[in-house]
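Working notes, structure below.
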There are 2 protein chains.
Amino acid sequence: MSEPYKRVALIGLGLIASSMFWAMRRIGTQTHVSGYARSAETRETARRIGLCDTVCETLPEVVRDADLIVLAVPVGAMGAVAKEMAPYLKPGATVTDVGSVKQTVIDAVGPHLPDTVHFVPGHPMAGTEHSGPESGFDSLFDNRWTLIVPPSGTDEEAVQRLEAYWQGLGAMTERMEIEHHDLVCAVVSHIPHLIAYTMVGVADDLSRVSDQEVIKFSAAGFRDFTRIAASDPTMWRDVFLTNKDATIEMLGRFTEELFALQRAIRTGDGEQLHAYFTRTRAIRRGILEAGQDTDAPDFGRTKVK
Amino acid sequence: MSEPYKRVALIGLGLIASSMFWAMRRIGTQTHVSGYARSAETRETARRIGLCDTVCETLPEVVRDADLIVLAVPVGAMGAVAKEMAPYLKPGATVTDVGSVKQTVIDAVGPHLPDTVHFVPGHPMAGTEHSGPESGFDSLFDNRWTLIVPPSGTDEEAVQRLEAYWQGLGAMTERMEIEHHDLVCAVVSHIPHLIAYTMVGVADDLSRVSDQEVIKFSAAGFRDFTRIAASDPTMWRDVFLTNKDATIEMLGRFTEELFALQRAIRTGDGEQLHAYFTRTRAIRRGILEAGQDTDAPDFGRTKVK
Ligand SMILES: NC(=O)c1ccc[n+]([C@@H]2O[C@H](COP(=O)([O-])OP(=O)(O)OC[C@H]3O[C@@H](n4cnc5c(N)ncnc54)[C@H](OP(=O)(O)O)[C@@H]3O)[C@@H](O)[C@H]2O)c1
Ligand SMILES: NC(=O)c1ccc[n+]([C@@H]2O[C@H](COP(=O)([O-])OP(=O)(O)OC[C@H]3O[C@@H](n4cnc5c(N)ncnc54)[C@H](OP(=O)(O)O)[C@@H]3O)[C@@H](O)[C@H]2O)c1
């Protein structure tokens, strides 16, 4: 068994960091957690709601004694934060991040870190459309996967220690190659978000259909897109700017298929449409069997315990 | 107050018809409900689970004494059913349908009906991805809208009677012009379904990402698409074949916007992305305020009572 971290530092106090804190509290670890956020407002909120044992005013202060430092800021901000905190890291500490994109983060963070610390990038595949210090909850990671994406040559013990930590928070872990991570996430997360944003944008833009109508009749399918499209704009801007190649490639595949279906609609090819719509059901069945969603008749999704 | 229907006939015993039956039972009306489905298997299931007071073996039998006849079969089957049942309709009866497309259904059904009956097309804007006689539940229409789409010249009293009937099942009602209905539904329902089908198809097709991975990591956004894309292939084939014009037009708008966002990603235009992703949040807020979804941190959607 790996030794648990005695002191954890959370940098950025939003949805992911606050959920990590509440999950640590739930298991009642003795771990001391210090936290830091950019704005005085977020630090104040954190103190008010008891988020972190200590809320620090500066980066040097928050990382000073930490055994694990978690970068939980938008992907585009990771490099600057890493640079500023680097001189104050304790030798032997592990630095990880929770960014949704990995190649860009590794390129931006890695070079700033001293050889005396371990860098083990990670990515919890769970989230909601909410953000900020008050959006976290202790079961966010339960029964969800956290991907561990160590660059080659990373210390094996440091990797295993981080895996054990995430498992303690309720997650399952899996290791993945950097490039493959960014492609998989483009498919299961980034492109779905972009498409949802686009669909909601189109509906909002259409002068012949009022927003009021879109809102009233959303339960017919559209509603699910609006939830995804309510996610934090800064986070998603950074994701698309930093996972450009995989995103553009997958978008190409998506529009190709969409054009093929559009053609089938235009030419009245019912057989092709029926065959296409039949094939996609197997994936849904797999997701239900894997416990990654429930099947309630009301579209309900209760928390997976 | 309109007089309630004494005898209702449900033709087609799938998700919508069975939900209508259970909703009628819930309010404990004295209404007698007869039902008919094409296949002996569905009729047998209906008898076994107590769906309808009488399950009939033929169309003439099911419509004979009915005051309200509900066509609840796929859009492409409505015309043939209407033709076959027409000679047996009781004078003064009302025929309605629940089809997801209205212009095509009205063109297919209307000409077959005798002048002695009222034809008042309708469309409940609620559904799930499930189908068949066992998928219905009594609260499906609660707090959801049913659109009433009467062709000009329809008897006002017949329209009001149908509106009162739907309100009794828990729905809110609104009247809409035929063409506008088909456009609104393309936006809030048909295009979202087509996009979800396409996204799931692309993921399934991608050799470099396994289905296993797609399933495991679906909670990152993709999951919502798979639920929508598990809907009945026959129903959706018919929707796209019969709402061709509005679908193709809206698809054009969608791909235009998607290309604009793709260009912003390619050129690294973070400002445009951020502005676009910010605008879509207002729609989400409207949906929450209108009670058409809930805001639980787990993506949960409990049944609206
Ligand atoms: N949300 C999800 O669904 C999800 C899922 C998996 C991974 N992730 C990844 O997790 C990370 C955090 O996401 P989140 O959802 O927790 O975000 P969030 O709720 O929006 O919180 C972001 C935090 O980062 C801070 N921050 C923002 N910009 C900064 C900057 N330029 N410099 C320093 N700090 C900055 C914010 O500080 P202030 O409050 O002071 O502004 C805030 O504390 C992101 O990298 C994201 O890609 C998110
Ligand atoms: N599902 C939704 O989300 C939703 C929402 C609003 C409106 N609608 C509309 O409601 C209608 C019914 O949908 P549903 O979801 O209730 O469908 P469903 O669960 O698939 O049931 C369809 C019923 O129609 C019968 N049927 C199928 N093809 C037929 C044919 N060619 N001739 C005669 N009967 C046939 C089936 O009989 P067998 O069982 O014997 O095959 C079954 O009883 C459709 O027009 C749909 O557009 C659906």
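The values are calculated or read from the model by the stated rules, or taken from the named source; none is laboratory data. Predicted model only: the values in this text are computed from it and were never measured. Positions of Cβ are generated from backbone atoms using ideal geometry, with glycine treated the same way; all protein chains shown enter the neighbour counts. Protein only, heavy atoms only, side chains kept; ligands, DNA and RNA dropped before computing areas. Shrake-Rupley method; radii C 1.70, N 1.55, O 1.52, S 1.80 Å.
Side notes on the structure shown:
- The condition (being in a helix (DSSP H, G or I), within 13 Å of ligand 2 (Cβ to nearest atom) and in contact (Cβ under 8 Å) with a residue 12 or more places away in the chain) is satisfied by just one residue among B:Gly99, B:Gly76, B:Gly132: B:Gly76.
- Matching helices (runs of 4 or more DSSP H) fully within region B:189-305 where at least 2 residues are without any contact (Cβ under 8 Å) to a residue 40 or more places away in the chain: B:191-205, B:211-216, B:222-228, B:244-267, B:270-279, B:281-289
- Residues that are away from ligand 1 (no atom under 16 Å from the Cβ), at the interface with chain A (Cβ under 7 Å from one of its Cβ atoms) and open to solvent by 20 Å² or more (accessible area, probe 1.4 Å) within region B:214-233 are absent altogether.
- Test: A:Ala66 is of a type in the set (Gly, Ala, Ser), touching a Lys or Arg at 6+ places or on another chain (Cβ under 7 Å) and over 18 Å from A:Phe141 (Cα atoms): yes
- For the criterion of being surrounded by 18 or more Cβ atoms within 10 Å (Cβ to Cβ), away from ligand 2 (no atom under 14 Å from the Cβ), closer than 29 Å to A:Phe222 by Cα and not assigned by TED's automatic domain parsing to the domain that holds B:Val239, B:Val120 passes.
- For region B:135-159, the candidate set comprises residues that are outside any loop (DSSP other than H, G, I, E, B) and either within 14 Å of chain A (Cβ to nearest Cβ) or open to solvent by less than 20 Å² (accessible area, probe 1.4 Å) (or both); within that set, the residue that is farthest from ligand 1 (Cβ to nearest atom) is B:Ala158.
- When region A:30-78 is filtered for residues that are more than 12 Å from ligand 1 (Cβ to nearest atom), small (Gly, Ala, Ser) and over 22 Å from the mean Cα position of the chain (by Cα), the ones remaining, listed by number, are A:Gly50, A:Ala66.
- Yes/no for A:Thr42 being farther than 27 Å from A:Trp145 by Cα and either more than 16 Å from ligand 2 (Cβ to nearest atom) or assigned to a loop (DSSP other than H, G, I, E, B) (or both): yes
- Candidates A:Thr278, A:Thr267, filtered to the one that is open to solvent by 50 Å² or more (accessible area, probe 1.4 Å), within 16 Å of ligand 2 (Cβ to nearest atom) and polar (S, T, N, Q): A:Thr278
- Boolean, B:Ile69 is within 17 Å of B:Gly153 (Cα to Cα), more than 8 Å from ligand 2 (Cβ to nearest atom) and hydrophobic (A, V, I, L, M, F, W, C): no
- Candidate set: region B:190-206, residues that are open to solvent by 10 Å² or more (accessible area, probe 1.4 Å) and facing chain A (nearest Cβ under 7 Å); chosen: the one nearest to the chain's Cα centre (by Cα): B:His193
- Exclusive hit being open to solvent by less than 30 Å² (accessible area, probe 1.4 Å), more than 14 Å from ligand 2 (Cβ to nearest atom), aliphatic (A, V, I, L, M) and at pLDDT 95 or above, set B:Leu89, B:Leu59: B:Leu89
- Residue that is within 16 Å of A:Pro192 (Cα to Cα), more than 28 Å from the chain's Cα centre (by Cα) and within 7 Å of another protein chain (Cβ to nearest Cβ), where the choices are B:Leu273, B:Leu258: B:Leu273
- For region B:166-181, residues that are part of a helix (DSSP H, G or I) and open to solvent by 10 Å² or more (accessible area, probe 1.4 Å) total 5.
- Pick from region A:14-38, criterion assigned to a loop (DSSP other than H, G, I, E, B) and open to solvent by 10 Å² or more (accessible area, probe 1.4 Å), ranking: nearest to A:Cys52 (Cα to Cα): A:Thr31
- Unmet requirement for B:Asn243, which otherwise passes all of (1) surrounded by 22 or more Cβ atoms within 10 Å (Cβ to Cβ); (2) in contact with a Leu (Cβ under 7 Å, 6 or more places away or on another chain): (2)
- Among the residues of region B:28-39, those that are of a type outside the set (S, T, N, Q) and more than 8 Å from ligand 2 (Cβ to nearest atom) comprise B:Gly28, B:His32, B:Val33, B:Gly35, B:Tyr36.
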